[in-house]
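Remarks on the structure that follows.
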Amino acid sequence: MSPAAPELSVVVPAFNEEENLAALAEEVATALRGRIAFEMVFVDDHSRDGTLAALRAARARLPELRVLHHRERCGQSTAVRSGVKAARGPWIATLDGDGQNDPADIPKLLAARDAAQPLVKCFAGWRTTRRDDAVKRLSSKVANAVRSRILRDATPDTGCGLKLFERAAFLELPCFDHMHRFLPALFQRDGWQVVSVPVGHRPRLRGVSKYDTWNRLWVGIIDLRGVGWLIRRGKRTVVQEIDAA
């Protein structure tokens, strides 16, 4: 494995997750070592706890780990984009920093990629069994139903933090706050296909959720108007280079 040329970059945005990140990084390393050349890019979104110190300590033990730090809080979408821009791998896997996504599912997404057609550029984790409380499950169910009806993205679970996508295709997507909630629709807007892959989901064991019912449900619904506009206004053009006569 050459750390200078990873095939996969695992990007993890984190805010106030000091209790979860070291164990999560160890799990990622266990899941991928010997399978694929990889790196981990953990992005601290200006946490107020010991997140950055925990990542520095983990960095001393894990040679694949890189640590980025936002000097001011920017939000999850910007943290993901910061990680993707810094990543050296042509493919990106993302995980939430709370430990509820299982890194052991990353090979499932890689296997789906290897079996897919070239037009599929995004593989979205689908949490078929949720390990959240009733309020989170209900708000996510409503938000997914509304989003699916409006955007018609044919993706049952866009809120799952576990995804695999091509870096170059991601960097062509329009960038805005909360864009991570709409990645399947945005990939489809650019002419790519998306495949949903059933994955596991774990209960949060440490720390507290950074999202309440309001920003999980209503903010997402409000954003739908802007995403719908982007989809309607998007144009896909096939460019052909003409050889000299």
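The values are calculated or read from the model by the stated rules, or taken from the named source; none is laboratory data. Given the structure is predicted, the values throughout are model-derived calculations rather than measurements. Methodologically, a virtual Cβ is constructed for each residue, glycine included, from the backbone with ideal geometry; neighbour enumeration extends over all protein chains shown.
Just a few scattered comments:
- Hits in segment 150-164 (condition: in contact with a strand residue (DSSP E or B) (Cβ under 9 Å, 6 or more places away or on another chain) and closer than 21 Å to Lys235 by Cα): Asp153, Ala154
- Residue that is nearest to Val84 (Cα to Cα) [pool: residues in segment 25-52 that are surrounded by fewer than 22 Cβ atoms within 10 Å (Cβ to Cβ) and among the small types (Gly, Ala, Ser)]: Ala37
- Residues that are of a type in the set (Asp, Glu) and not in a loop (DSSP other than H, G, I, E, B), drawn from segment 98-134: Asp105, Asp114
- Scan of segment 114-154 for residues that are hydroxyl-bearing (Ser, Thr, Tyr) and either modelled with pLDDT of 85 or more or loosely packed, with under 14 Cβ neighbours inside 10 Å (or both), ordered by number: Thr128, Thr129
- Val67 under 18 Å from Leu162 (Cα atoms) and at pLDDT 95 or above: no
- Scanning segment 181-203 for residues that are under 14 Å from Thr158 (Cβ atoms) and of a type in the set (Phe, Trp, Tyr) returns Phe182, Phe187.
- Just so you know, in segment 97-130 the residues that are in contact with a His (Cβ under 9 Å, 6 or more places away or on another chain) and among the charged types (D, E, K, R) include one that is farthest from Val11 (Cα to Cα), and it is Arg130.
- All positions within segment 9-23 that are of a type outside the set (Ser, Thr, Tyr) and either over 20 Å from Leu162 (Cβ atoms) or surrounded by fewer than 24 Cβ atoms within 10 Å (Cβ to Cβ) (or both): Phe15, Asn16, Glu18, Glu19, Asn20, Ala22, Ala23
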